[in-house]
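One structure is given here, and the rest of the page talks about it.
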Amino acid sequence: MWEHERGGTGGADGADGAEDRREGSRRGRRESGGRGGRRTEGREDRAGREGRQELPPQSPEEQARAICLRLLTGMPRTRRQLADALAKRDIPEEVSEQVLSRFEEVGLIDDAAFAGAWVESRHRGRGLARRALAQELRTKGVAPTLVQEALEQLDSDQEEETARELVERKLRATRGLERDKRIRRLAGMLARKGYPEGMALRVVRRALEAEGEDAEDAEDLTI
């Protein structure tokens with residue numbers, strides 16, 4: 001009986017030993033795998049660092065081209081606008097002139113087209129008259145001859161028609177005001193958009209007359 005009991009105990013010890021050995025083997029594999037993973041990860045990091053090379057610094061010409069292309073992607077620009085942007089970024093003037101001239105040669109800069117599109121857009125969208133449009137184009141560096149050519153697409157009749165439309169849209173908002181105040185407010189709105197004083201007063205007077213308001217003395221007022 002004692003031999004049987006000793007045998008049973010030994011079997012249990014054998015089973016426990018085998019389980020310990022298996023657990024140790026699994027633990028060893030996990031640790032080995034972890035170390036191997038870290039080694040692999042380290043090699044990948046080194047390979048990545050070695051594969052990444054510092055890009056050489058851009059030359060002033062490359063910087064200028066990149067700046068101009070980025071600005072032109074958003075909207076058309078005049079040569080003066082681009083030149084000012086390059087100057088703010090410390091691009092040498094001779095480099096700027098060279099790059100801008102090249103952009104003009106290939107049609108990426110076209111001040112005449114810019115001016116024509118500006119006049120059409122701002123007149124239709126904001127109702128600006130020729131005087132205001134000329135001022136805006138001058139501030140953007142468009143040459144006077146190109147400004148004049150762009151403004152030729154607007155004649156006096158078209159300007160006056162646009163002025164009438166502007167007054168009609170604002171007329172209702174002035175009802176209830178004294179006549180002189182209505183005239184000054186409406187004519188002042190047109191003056192701020194660049195319409196000549198005589199045209200502004202004439203358009204306002206006719207609009208008030210059409211509404212039934214006596215505006216015969218409007219010509220004597222000043223804006």
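The values are calculated or read from the model by the stated rules, or taken from the named source; none is laboratory data. These figures come from a predicted structure and were not determined experimentally. Every residue, glycine among them, receives a Cβ derived from its backbone with ideal geometry; neighbour counts consider all protein chains shown. Only protein heavy atoms, including side chains, enter the accessible area calculation; ligands, DNA and RNA are left aside. Shrake-Rupley method; radii C 1.70, N 1.55, O 1.52, S 1.80 Å.
Of note:
- Distance (nanometres) between label positions extended 7 Å along Cα→Cβ at Ser121 and Val106: 2.2 nm
- Take 66-73, 137-144 and order them by the average number of nearby Cβ atoms within 10 Å per residue, most first; the result is 137-144, 66-73.
- By accessible area, using a 1.4 Å probe on protein heavy atoms only, region 78-223 has 43% of its surface on carbon and sulfur.
- Tensor-based shape of region 71-223 (alpha-carbon gyration tensor, a/c under 1.5 rounded, otherwise prolate or oblate): prolate
- Solvent-accessible area per residue in region 64-116 equals 59 Å², computed with a 1.4 angstrom probe and all protein chains kept.
- Extending 7 Å from Cα along the Cβ direction at Leu177 and again at Arg70 yields two label points whose distance is 4.6 nm.
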